[in-house]
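**Student:** The following block contains the structure, expressed as structure tokens.
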Amino acid sequence: MVHASPASAKTMMRFEMRARRRGLAAETPEAARRAADLLPLEKLPPFKIVSGYSAQRAEFDPWPLMRRLTAEGGRLALPVATHRDAPLIFRVYDVSASLVPDAFGIPSPGPNAEEVLPDLVIAPLVAFDRDGGRLGQGAGHYDRMLANLRAAHEVFVLGLAYAGQEVARVPAEPHDQRLDAILTETGYIDVRKD
């Protein structure tokens, strides 16, 4: 029996799960609000700077959750690609300022926004498992960014997804960064190993 490498298994899973995510987005329009309401704030470590993201295509909408976390006192930042091959950075998002396309065309705070290091990162994903495995878009930007953040200081990574994006196991490679928890429209899953 021939087994697929983790990289090729990820490619196949990504194709299937993107289609599933599109269906889930269409079927559950209230998912983002429900998830934000279900977040147990007492499960989070103390945080000052929260990084969200600008949802692309059928990614789970993070804005209700980001609004809830900023209402709890967190400053909001968004990831920014300054160059296609450079690690992502974070800039403070001021709701009165316009977002501008970054190196990938994703709406992001402009170059005049303050650069920061978040201590809570809301991560988009294509699929997840209950051990904290995260399948991303495939370019490795979040894995590199999370590795850099974790080398600099304590950071809590919260995956945000539809419950239907859960799989039994995400194929893992050595560079993959794990989630600390996942939030869906059906609840909170703590995957940290104490």
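Read-outs: derived from the displayed coordinates by stated rules, not from any lab. Keep in mind that this is a model prediction, so the values were computed, not measured. No Cβ is skipped: glycine too gets one built from the backbone with ideal geometry, and neighbour counts run over all protein chains shown.
**Student:** Over region 1-67, what per residue volume does the convex hull of the Cα atoms give, in whole Å³?
**Tutor:** 159 Å³
**Student:** Name the most mobile residue of Ser108, Ser96, Ser54, meaning the one with the largest mean-square fluctuation, in a Gaussian network model of the chain with Cα contacts below 10 Å.
**Tutor:** Maximum among the listed residues: Ser96.
**Student:** Report the gain in length on full extension from Glu42 to Asp131: 0.36 nm times residue separation, minus Cα-Cα distance, nm rounded to one decimal.
**Tutor:** 30.0 nm
**Student:** Same structure, new question: Rounded to the nearest 0.05, what FRET efficiency do Thr82 and Thr186 have when you use their Cβ-Cβ distance and R0 = 45 Å? Walk me through the numbers on the way to the answer.
**Tutor:** On the way: r = 36 Å, r/R0 = 0.81.
FRET efficiency, Thr82 to Thr186: 0.80.
**Student:** Sequence-distant or interchain residues sharing an amide H contact under 5 Å with Val100, placed H: which?
**Tutor:** Correct list: Ser108, Gly110.
**Student:** Quick one: what are the phi-derived ³J(HN,Hα) couplings along region 123-128, Karplus 6.51/-1.76/1.60 with θ = phi - 60°, whole Hz, x for glycine and proline?
**Tutor:** Result, ordered by residue: 10, x, 7, 9, 7, 8 Hz.
**Student:** Moving on to the next point. Two decimals is fine: what's Rg over Rh for the chain, C-alpha atoms, Kirkwood radius as Rh? Show your work: numbers first, answer last.
**Tutor:** Working: Rg = 16.0 Å, Rh = 17.0 Å.
Using Cα coordinates only, the ratio equals 0.94.
**Student:** I would also like to ask the following. Please give the contour-minus-distance gain from Arg33 to Glu114: 0.36 nm per residue of separation, less the Cα-Cα distance, rounded to one decimal in nm.
**Tutor:** Values: separation 81, 0.36 × 81 = 29.16 nm, distance 2.85 nm.
Additional length available on full extension: 26.3 nm.
**Student:** Still on this structure: Which trypsin sites (Lys or Arg not before Pro) in region 75-180 sit in a loop by DSSP (not H, G, I, E or B) and have at most 11 other Cβ atoms within 10 Å of their own Cβ?
**Tutor:** Working: sites: Arg75, Arg84, Arg91, Arg130, Arg134, Arg144, Arg150, Arg169, Arg178; in loops: Arg84, Arg130, Arg169, Arg178.
Answer by residue number: Arg84.
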